Amino acid sequence: MGIKDRLKTGIQKNLNLRYIKRLLGIIALKPVLYAYGKTFPSASDKYLNIFTIESLKKAYSDNNRPIGYGSLFIPHELFHALGITPFLPEVMAGFTAGLGLAPQTLKEASSHWYSQDLCTFHRSASGAAELDLFPRPDYIITSNLACDAAQKSFYIHSVKHNIEKNFYLIDVPYRYSEESIRYLAAQIKNICTDICSKTGKKPDISMFEETFELSNELRKWAIEVGSLRKNLADYPSHFNGLNFILPFHGLAGTREAVILYKEIYRDLKKYSDKQCKEISEKNKPAKRILWLHLKPYYRNEIFDILYRENCRVVFEEINHVYWQELDYKKPFESLARKMLSNFLGGSIDNRIGVILKAAHDYKADGAILFSHWGCRQSNGGARIIKDSLKKINIPTLVLDGDCVDQNNSSQGQVKTRLQGFIEILNS
Amino acid sequence: MTQDIRDTDNFDKTRKKINDIKFFFGNTLTSENKKAAIGWFCTYTPEELIIAGGFVPVRIFGRKKIIKSESYFPINFCPYIKSGWESLLADADNLKAIIFTNSCDGMRRFFDIASKYLDGIPSYLLDVPHLKNRDSRDFFTGNMDDMKKFIEKLKGEKINEEEIENAVKLINKKRKLLKEFSNIFYKSPDLIEIPAYYKVMELSMISDPEIFLDDLEKYLGFIGSIDKTSTKNGISLQPDQRNSPSIMIIGNFIAEDKLWEMLSKMNLKLASEDLCTSNRYFVKQVVTGDNKDLMESIAERYLNKPQCMRMADPGSKLAEIENVIIKNHIKGVIFITLKFCDNMLYSFPLLKQRLNNMGIPVLYLDIEYNNFSEGQIKTRVQAFLEML
Ligand code: SF4
Ligand code: SF4
């Protein structure tokens, strides 16, 4: 049994906070961690795993208080600037799927009256929280950006830990306008001032300087990666752009995220240089797929099938860099603009704009929208997305499934539908 | 004993009459709307502005069976929205425009669908904040101003202050009378039946407010006259003496005639509610005067009315519910939600916990819309009532 499988079975058998802490204590030791890192096929995957484990170690260690739960789409630069260790329950839900723990966490959520009709990212995270698998938060910052789920489920976390007074909802307006920016910036400023008064820090814009610089650096490299991918005809089989959600959001504003995105760039660049030499030998170019929404985080065959069938995911909408550079001299306004630029907020036209441009820039032959059960905001737009892509002659497959709950996805059906779609692309 | 007096022919006759909504609301039901109508969906829509523009605000109840709608929305999507879309596909021509709100993910997508696929009928989305403080009120006032401009465009001229003032008065009066009516209903549930109560609620949201108010006033007048002559005919609006436990219903857009009939037949004593189709619509007035800015006063009313589960602060919602339970001696809660309403579904774990701590049992029901199957639900409600 390899190290990864040993980790998985270990945690499945000992599902409790103490074990998780102990495990992180061992695996995060530098030599062990780097030995573990070596088991990954590329530098970017290696760093992704190392940084993830290090950030978890930090969140689970009692010496690194304060700890803040953040929902995916809040600007995590806020936490980093305030010296708060972030912890992302939705990302953790992805891990529960990857580690095969989702059946237990989901069952626990059900016993606490979370309906099975709710998004499993939140349900699984809530189940894990109820099982006391998460570190205790000191602060919780969430928002209504993209979907209704986070603001609601995170509030329940705050009640569980008796920190309702440290629960902050960032109310993100529907439209991008100067009034919206003012309303939003004032909220972010108030949150900052309130947290500073509790942590004893002096609210001061200088604390944003370094964080914003690093965040801008991440932005720059993420754009570089995107530009490189526009002309990449092939990909290494292990590459999956949907794996980088934690650094893209949760680590934005840290050195680690910058290093990681540089590594992704280098990995793909190396591959593209190699490709240039080989390209003439290959006569059948791969079909180029644009991936919409997320993917299943448990072991599944989707990407193997696509790869085998000579289809390559050339871009994922969630990797679109939607925000402008941050200006530390106007920290609250900058973060407000970042949030308001998120294409999952407001009208579906924002999302359609990003999708159509990506379809054009990445020369997509087809699009797959992974229709994650219970995600009203994304699935509710499926019809318009499909129709909009059809207008530019790009077929879309709306693939029903669940990103976290394996039992809510029929692998057989997914396979059949995928194969049908590939036939259309090849016809 | 009141109960004995009520068991007379006279009582039955009067009860029958009181529940004849078609009779009392004849004008409301038959009047052809002379003014053009603007459709709306969510109780955070300031009707005042629609009226000030010279239009009739008509809530879309979406009484249509979901057929075409299925190809626009996923299977697991709010059935009210699907029915609403079905009815827009069929009858939107009767509307001058439609006003949506940023109430939930579902509504955002509904607005997208309507804007893309409904030809010729302008749609507008009003951004309603989730917070309830000074900043959000100011922000909301600005958004309402934008909505006003949308209506002015339809009207072809500016809406003046007096028009808004008159509309505020009108809707405030409607709220006041609806509140009076609901108090009578809670007090005397054996007199006013559940289906009749909700029928009046529905009419209040879909009719020309002036005509409806006229009918409602007469109706309340009739009910009042019974109270005054109570000694003569043996009927009075005394608190209900039945020995059944007081029930509170908490839900979202629950407008299911068959459900109301079923509960009525089961003799359920409905003593309080927290519904989008009832108290969340009419409780709380717009407070004017003292040189207060009118638009700001309207904004304040909407943000501070009995809150919907979509708002930011579930804690204050729970406290609101807890107070109602204590004040009205509620013995059991029926939580009833349309399927796939995330805001409702997420409110349940905490509500359940809170009610457990209070020793109040709660029954959880989730239902479709316009597609009510009595069987299983009846058994569950029955078992719940027996347990109480
Ligand atoms: S998958 Fe959809 S519903 Fe779930 S957290 Fe993400 S955006 Fe919200
Ligand atoms: S019932 Fe729920 S999902 Fe449906 S419109 Fe209302 S808040 Fe939205």
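The values are calculated or read from the model by the stated rules, or taken from the named source; none is laboratory data. From a predicted model like this one, the values you see are computed outputs, not experimental measurements. Cβ: placed from backbone, ideal geometry, glycine included. Neighbour counts: every protein chain shown. These area figures cover heavy atoms from the full protein model, side chains too; ligands, DNA and RNA do not enter into them. Shrake-Rupley method; radii C 1.70, N 1.55, O 1.52, S 1.80 Å.
Key figures
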read-out: The range A:376-395, subset within 14 Å of chain B (Cβ to nearest Cβ) and of a type in the set (A, V, I, L, M), residue farthest from A:E317 (Cα to Cα); value: A:I384
read-out: Answer from A:R18, A:R65 - the residue that is within 25 Å of A:G200 (Cα to Cα) and open to solvent by 50 Å² or more (accessible area, probe 1.4 Å); value: A:R65
read-out: Which listed residue is at the interface with chain A (Cβ under 10 Å from one of its Cβ atoms) and touching a residue at least 12 places away in the same chain (Cβ under 8 Å), from B:N343, B:N304; value: B:N343
read-out: Tally, over the range A:360-375, of residues that are at the interface with chain B (Cβ under 9 Å from one of its Cβ atoms) and open to solvent by 10 Å² or more (accessible area, probe 1.4 Å); value: 3
read-out: Residue within the range A:135-147 that is more than 9 Å from chain B (Cβ to nearest Cβ), surrounded by 24 or more Cβ atoms within 10 Å (Cβ to Cβ), closer than 25 Å to A:D400 by Cβ and more than 19 Å from the chain's Cα centre (by Cα) present; value: no
read-out: Residue in the range A:254-267 that is modelled with pLDDT of 95 or more, under 25 Å from A:R299 (Cα atoms) and open to solvent by 40 Å² or more (accessible area, probe 1.4 Å) present; value: no
read-out: Residues of the range B:60-77 classified as within 12 Å of ligand 2 (Cβ to nearest atom) and of a type outside the set (A, V, I, L, M), total; value: 4
read-out: Among (1) closer than 30 Å to B:Y346 by Cβ; (2) more than 14 Å from chain B (Cβ to nearest Cβ); (3) buried (at least 19 other Cβ atoms within 10 Å of the Cβ) - the single one A:S341 does not satisfy; value: (3)
read-out: Contacts under 9 angstrom Cβ, first residue in the range B:119-142 being more than 8 Å from every other protein chain (Cβ to nearest Cβ), partner among the basic types (K, R) and not in a loop (DSSP other than H, G, I, E, B), 6 or more apart; value: B:I121/B:K96; B:P122/B:K96; B:P122/B:K153
read-out: Meets criteria (of a type in the set (S, T, N, Q) and within 16 Å of ligand 2 (Cβ to nearest atom)) for A:Q116; value: no
read-out: Sole exception among (1) open to solvent by 40 Å² or more (accessible area, probe 1.4 Å); (2) within 22 Å of A:L133 (Cβ to Cβ) for A:L56, by number; value: (1)
read-out: Unique match (being away from chain B (no Cβ under 14 Å), away from ligand 1 (no atom under 15 Å from the Cβ) and within 27 Å of A:E210 (Cα to Cα)) among A:K357, A:K284, A:K329; value: A:K329
read-out: Subset of the range A:294-321 that is of a type in the set (A, V, I, L, M) and within 16 Å of ligand 1 (Cβ to nearest atom) - its residue that is nearest to A:A252 (Cα to Cα); value: A:I318
read-out: Single residue of the range A:138-165 satisfying the filter (more than 11 Å from ligand 1 (Cβ to nearest atom) and assigned to a loop (DSSP other than H, G, I, E, B)) that is farthest from B:P349 (Cα to Cα); value: A:D138
read-out: Residue check, A:Y36 in contact (Cβ under 8 Å) with a residue 12 or more places away in the chain and either open to solvent by less than 50 Å² (accessible area, probe 1.4 Å) or touching a strand residue (DSSP E or B) at 6+ places or on another chain (Cβ under 6 Å) (or both); value: yes
read-out: Failed item, numbered, when A:G127 is tested on (1) away from ligand 2 (no atom under 16 Å from the Cβ); (2) of a type in the set (G, A, S); (3) part of a loop (DSSP other than H, G, I, E, B); value: (3)
read-out: Close pairs from the range A:99-110: first assigned to a loop (DSSP other than H, G, I, E, B), partner β-branched (V, I, T) and open to solvent by less than 50 Å² (accessible area, probe 1.4 Å), Cβ under 9 Å, at least 6 apart; value: A:L99/A:I11; A:G100/A:T9; A:G100/A:I11; A:L101/A:I11
read-out: Options A:S158, A:S180, A:S215, A:S227; residue that is at pLDDT 95 or above and touching a strand residue (DSSP E or B) at 6+ places or on another chain (Cβ under 6 Å); value: A:S158
read-out: Condition check for B:A196: under 22 Å from the mean Cα position of the chain (by Cα), within 27 Å of B:K96 (Cα to Cα) and either open to solvent by 10 Å² or more (accessible area, probe 1.4 Å) or touching a residue at least 40 places away in the same chain (Cβ under 8 Å) (or both); value: no
read-out: Number of the condition not met by A:S42 [criteria: (1) farther than 23 Å from A:F244 by Cα; (2) in contact with a helix residue (DSSP H, G or I) (Cβ under 6 Å, 6 or more places away or on another chain)]; value: (1)
read-out: Residues located in the range A:166-208, provided they are open to solvent by 50 Å² or more (accessible area, probe 1.4 Å), assigned to a helix (DSSP H, G or I) and within 10 Å of chain B (Cβ to nearest Cβ); value: A:E179, A:R182, A:N190
read-out: Pairs where the first residue, in the range A:63-89, is on the phi > 0 side of the Ramachandran plot and the second is open to solvent by 10 Å² or more (accessible area, probe 1.4 Å), C-beta under 9 Å, 6+ apart; value: A:G83/A:P66; A:G83/A:T199; A:G83/A:K201; A:G83/A:M207
read-out: Unique residue being closer than 30 Å to B:E368 by Cβ and modelled with pLDDT of 95 or more when the list is B:Y219, B:Y186, B:Y198; value: B:Y198
read-out: Filtered residues of the range B:331-356 (kept if part of a strand (DSSP E or B), within 15 Å of ligand 2 (Cβ to nearest atom) and not aromatic (F, W, Y)); value: B:I336, B:T337, B:L338
read-out: Residue that is nearest to ligand 2 (Cβ to nearest atom), among those in the range A:376-412 that are open to solvent by less than 10 Å² (accessible area, probe 1.4 Å) and assigned to a loop (DSSP other than H, G, I, E, B); value: A:G380
read-out: Residue check, B:S115 of a type in the set (S, T, N, Q), within 9 Å of chain A (Cβ to nearest Cβ) and either within 16 Å of ligand 1 (Cβ to nearest atom) or surrounded by fewer than 24 Cβ atoms within 10 Å (Cβ to Cβ) (or both); value: yes
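To keep it simple, each residue is scored yes or no on (1) within 24 Å of B:K284 (Cβ to Cβ); (2) within 16 Å of ligand 1 (Cβ to nearest atom); (3) at pLDDT 95 or above.
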| position | (1), (2), (3) |
| --- | --- |
| B:I326 | yes, no, yes |
| B:I330 | yes, no, yes |
| B:F335 | yes, no, yes |
| B:K339 | no, yes, yes |
| B:L345 | no, yes, yes |
| B:L351 | yes, no, yes |
| B:N371 | no, no, no |
